[in-house]
Amino acid sequence: FAAFIDSPKEKALKREKEEILAQYRLLSKEVEKLDGILKNLESRDDNIYRVIFETEPIDASIRRAGSGGVNKYEHLKDLKDADLIIGTSKKLDELSKALYIQSKSYDEVEALAKDKLKMMASIPAIIPISLKDPRNRVSSAFGYRMHPFYKTVKLHAGMDFSGAMGTPIHATGDGKVIAAEIQRGYGKCVVIDHGFSYKTLYGHLSKYNVKVGQKVKRGDIIAYMGNTGMSFGPHVHYEVKKNDRPVDPINYYFNDLTPDEYEELVAKANNTGQTMD
């Protein structure tokens with residue numbers, strides 16, 4: 001009869017086991033909640049953040065790879081409620097690795113965000129002179145135009161903005177001055193390397209306000225309008241180059257023009273004929 005009665009020690013062990021199992025059940029529920037939260041973060045990471053920063057999503061097989069071999073949980077198989085304990089242990093291991101990968105992913109996204117912010121500040125995005133001054137206007141557009149000296153149709157690789165002598169010329173994006181010199185045809189000119197494959201050129205200047213090697217911010221005054229080089233009057237010849245190929249600057253004024261102002265500028269540019277250089 002005594003063999004069927006648990007000793008105080010055995011009763012204590014049974015209670016301890018029941019408490020441990022109860023804790024495992026609670027832990028299993030918490031793990032499921034955490035797994036749901038993590039999956040939501042992973043989805044945002046792949047479908048929002050990585051889309052914004054134009055980078056590939058992390059493969060699901062990498063995010064949710066297991067850890068250890070099949071024998072890792074062998075020692076748990078003989079326990080009561082082994083399926084619960086092994087399942088929870090596996091889920092914890094999987095979550096631990098997924099959290100590590102997500103942490104590394106956020107480090108990468110943070111670096112991409114900083115790079116994206118730098119790129120947005122560096123891309124040429126404003127007009128090089130203020131059009132609020134009524135003396136300043138667009139005088140020639142990008143494209144094939146009549147050359148004022150050769151009297152033949154030639155590719156005009158930038159835009160001309162005319163105004164008064166000495167009008168301030170502004171850097172259109174963050175970058176580094178790589179030239180402040182007299183160049184054939186352009187007269188006194190400044191060239192800025194903005195990184196991200198972009199460069200800008202500002203020609204026919206009267207005076208420099210920067211030196212080679214100097215870092216500039218968008219909006220900084222880099223020079224003053226002039227009439228140097230092959231020029232038909234005071235103006236700045238402005239070029240944007242992507243991968244060293246000239247592109248139409250009018251597509252890069254999105255930072256300081258409203259849609260209506262942009263449409264008005266496009267209309268004025270399209271109505272210009274002969275260039276000023």
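The values are calculated or read from the model by the stated rules, or taken from the named source; none is laboratory data. These numbers come from a predicted model, not from an experiment. Cβ placement follows ideal geometry from the backbone for every residue including glycine, while neighbour counts extend to all protein chains displayed.
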### Message
What pairs come out if I take residues in the stretch 13-26 that are under 18 Å from GLY87 (Cα atoms) and pair them with residues that are basic (Lys, Arg) and outside any helix (DSSP H, G or I) whose C-beta lies under 8 Å away, six or more apart or interchain?
### Response
LYS17/LYS80; LEU21/LYS80
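Against the condition surrounded by 22 or more Cβ atoms within 10 Å (Cβ to Cβ), at pLDDT below 95 and within 18 Å of ASN270 (Cβ to Cβ), how does GLY143 come out, does it pass?
no
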#### Entry: Sole residue being within 30 Å of GLU32 (Cβ to Cβ), modelled with pLDDT under 75 and out of contact with any strand residue (DSSP E or B) (no Cβ under 7 Å at 6 or more places or on another chain), chosen from LEU84, LEU99
LEU84
### Task
Tally the residues that are farther than 18 Å from VAL236 by Cβ and buried (at least 20 other Cβ atoms within 10 Å of the Cβ), restricting the search to the stretch 146-197.
1
### Message
Against the definition (modelled with pLDDT under 95, part of a strand (DSSP E or B) and not acidic (Asp, Glu)), how does VAL190 come out, yes or no?
### Response
no
